[in-house]
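Q: Got a structure for you, questions after.
The values are calculated or read from the model by the stated rules, or taken from the named source; none is laboratory data. Since we're looking at a predicted model, the values are computed, not measured. For neighbour counting, all protein chains shown are included, and Cβ atoms are generated from backbone atoms with ideal geometry for every residue, glycine included. With ligands, DNA and RNA removed, areas are computed over all heavy atoms of the protein, side chains included. Shrake-Rupley method; radii C 1.70, N 1.55, O 1.52, S 1.80 Å.
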Amino acid sequence: TPEAGRVVFENVTFGFPGAEKPVIKNVSFAAEPGKTTAIIGSTGAGKTVLLNLALRLYDPQQGSITVDGAPVSELTRDQLADTLSLVPQRPYMFSGTIGSNLRFGRTAATDEELWEALRVAQGEDFVRERELGLDEPVSQGGTSVSGGQRQRLSIARALVSKPKVYLFDDSFSALDVATDARLRAALPSATQGATTIIVAQRVSTITDADQILVIEGGEIVGRGTHDELLGSNEVYQEIVRS
Ligand code: TTP
Ligand code: MG
């Protein structure tokens with residue numbers, strides 16, 4: 001259906017219980033299947049909270065969030081987990097192996113699929129270098145892999161689950177610029193047809209996005225393509241300069 005993977009926020013307002021002010025204010029946007037929506041803004045702007053709302057880690061006080069045309073408030077955790085994959089800002093590893101961390105409950109995924117996901121996520125080389133490859137043990141918390149490696153494993157894990165919606169929360173910032181560029185070049189064909197939402201710090205990560213949302217203080221203060229925002233949005237111009 002044309003709705004497949006479409007994510008729509010409508011006048012969403014959210015504040016943490018007991019907090020004085022909402023951290024998300026009247027946010028509306030639609031993220032379309034086959035397109036990339038980027039979210040950029042300073043630290044504390046509310047980017048992570050926006051992604052968490054889509055996953056229904058908490059419910060908004062006002063407004064609605066729908067996926068595939070259905071309110072997320074009516075979807076079960078399992079349905080949400082099948083539809084949306086989040087690569088969290090601080091990826092986690094479970095005690096097990098690299099392979100079990102990539103499968104993460106998807107027992108049906110073949111080794112070949114795991115290697116393909118690793119190839120796209122630029123994680124193939126460092127896993128091949130491990131003596132046991134996919135069977136290499138990983139400790140809880142992932143202390144045996146570096147932050148950048150953890151991030152790539154976490155991206156590969158999302159790819160293995162083949163969701164309709166990818167949520168990347170600042171997933172490329174721990175990568176060097178060359179690896180970031182290779183990964184983003186490989187990503188579109190691997191995620192073809194899916195809805196992609198990317199929270200980014202570096203403008204270079206999102207210049208190709210179909211739609212960029214500039215968020216400040218929990219509000220959308222600009223939206224458009226890179227070129228449109230560059231010409232018209234002061235907050236975006238400031239981010240580009242910094
Ligand atoms: P975030 O959404 O975490 O801000 P961000 O993701 O844009 O920032 P960064 O680039 O550093 O990752 O937070 C928005 C506001 O919500 C901020 O004032 C902190 C607050 N907050 C809480 O109070 N509790 C929480 O669990 C989270 C996630 C955020
Ligand atoms: Mg964040």
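Q: Rounded if a/c is under 1.5, else prolate if a/b is larger than b/c, else oblate: which is region 25-152, with a ≥ b ≥ c the root eigenvalues of its Cα gyration tensor?
A: Working: a/c = 2.24, a/b = 1.89, b/c = 1.19.
It is prolate, given that a/c is not under 1.5 and a/b is the larger ratio.
Q: While we're looking at this one, here's another question. List the GluC sites (Glu not before Pro) in region 1-104 that DSSP assigns to loop (not H, G, I, E or B) and whose Cβ has at most 10 other Cβ atoms within 10 Å. Which are they? Could the numbers behind the result be given before it?
A: Values: sites: Glu3, Glu10, Glu20, Glu74; in loops: Glu3, Glu20.
When the GluC sites (Glu not before Pro) of region 1-104 are filtered for loop state and at most 10 Cβ neighbours within 10 Å, Glu20 remain.
Q: To continue, here is another question. What number, in percent, do you get for the relative contact order of region 73-205 if the mean sequence gap of Cα pairs under 8 Å and at least 6 apart is divided by its residue count? Don't skip to the answer; put the middle values down first.
A: Values: 190 pairs, mean separation 44.9, N = 133.
Over region 73-205, the number comes to 34 percent.
Q: Could you compute the net charge surrounding Leu230? Neighbours are other residues with a C-beta less than 12 Å from the C-beta of Leu230; K and R count +1, D and E count -1.
A: With Lys, Arg at +1 and Asp, Glu at -1, the net is -3.
Q: On to the next question. Find the accessible area per residue for region 115-185; the probe is 1.4 Å, ligands and nucleic acids are left out, and the unit is Å².
A: Values: 3050 Å² over 71 residues.
Dividing the accessible area of region 115-185 by its residue count gives 43 Å².
Q: Using alpha-carbon pairs under 8 Å, 6+ residues apart, how would you state the relative contact order of region 164-242 in percent? Working shown, then result.
A: On the way: 85 pairs, mean separation 19.5, N = 79.
Computed value for region 164-242: 25 percent relative contact order.
Q: As an exercise, use a Förster radius of 22 Å and the Cβ-Cβ distance of Ser28 and Val240 to find the FRET efficiency, rounded to the nearest 0.05. Walk me through the numbers before you get to the answer.
A: Working: r = 24 Å, r/R0 = 1.11.
Efficiency computed from Cβ-Cβ geometry: 0.35.
Q: Rg and Dmax of the chain, using alpha carbons, in Å: what are they?
A: Rg and Dmax of the chain, Cα atoms, are 17.8, 53 Å.
Q: Continuing with this model, one more query. Quick one: if you stick a label point 7 Å off each Cα along the C-beta vector at Ser139 and Lys21, how many nm between them?
A: A separation of 4.2 nm, rounded to one decimal place.
Q: Could you let me know the centre-to-centre spacing of region 201-226 and region 87-133, using Cα atoms, in angstrom?
A: For region 201-226 versus region 87-133, the Cα centre distance is 30 Å.
Q: Return a single number: how many Lys pairs in the chain, at a sequence separation of 8 or more or on separate chains, have alpha-carbon atoms below 25 angstrom apart. Working shown, then result.
A: On the way: Lys21/Lys47; Lys25/Lys35; Lys25/Lys47; Lys35/Lys47; Lys35/Lys162; Lys35/Lys164; Lys47/Lys162; Lys47/Lys164.
Lysine pair count for the chain: 8.
Q: Ignoring ligands, DNA and RNA, what percent of the accessible area of region 70-145 is carbon or sulfur (1.4 Å)? Spell out each step's value before the answer.
A: Details: 2070 of 4370 Å².
In region 70-145, the share of accessible area belonging to carbon and sulfur is 47 percent.
Q: Measuring with a 1.4 Å probe in the full set of protein chains, what accessible area per residue, in whole Å², belongs to region 46-95? Please list the in-between numbers first.
A: Values: 2510 Å² over 50 residues.
Spelled out: the 1.4 Å probe surface of region 46-95, per residue, equals 50 Å².
Q: May I pose another question? Using 0.36 nm per residue of separation minus the Cα-Cα distance, give me the extension gain between Ser232 and Glu129 in nm, one decimal. Walk me through the numbers before you get to the answer.
A: Details: separation 103, 0.36 × 103 = 37.08 nm, distance 4.75 nm.
This chain segment gains 32.3 nm when fully extended.
Q: Here is a further query. Taking only C-alpha pairs under 8 Å that are 6+ residues apart, what is the relative contact order of the chain in percent?
A: Working: 471 pairs, mean separation 66.2, N = 242.
Dividing the mean separation by the residue count of the chain yields 27 percent.
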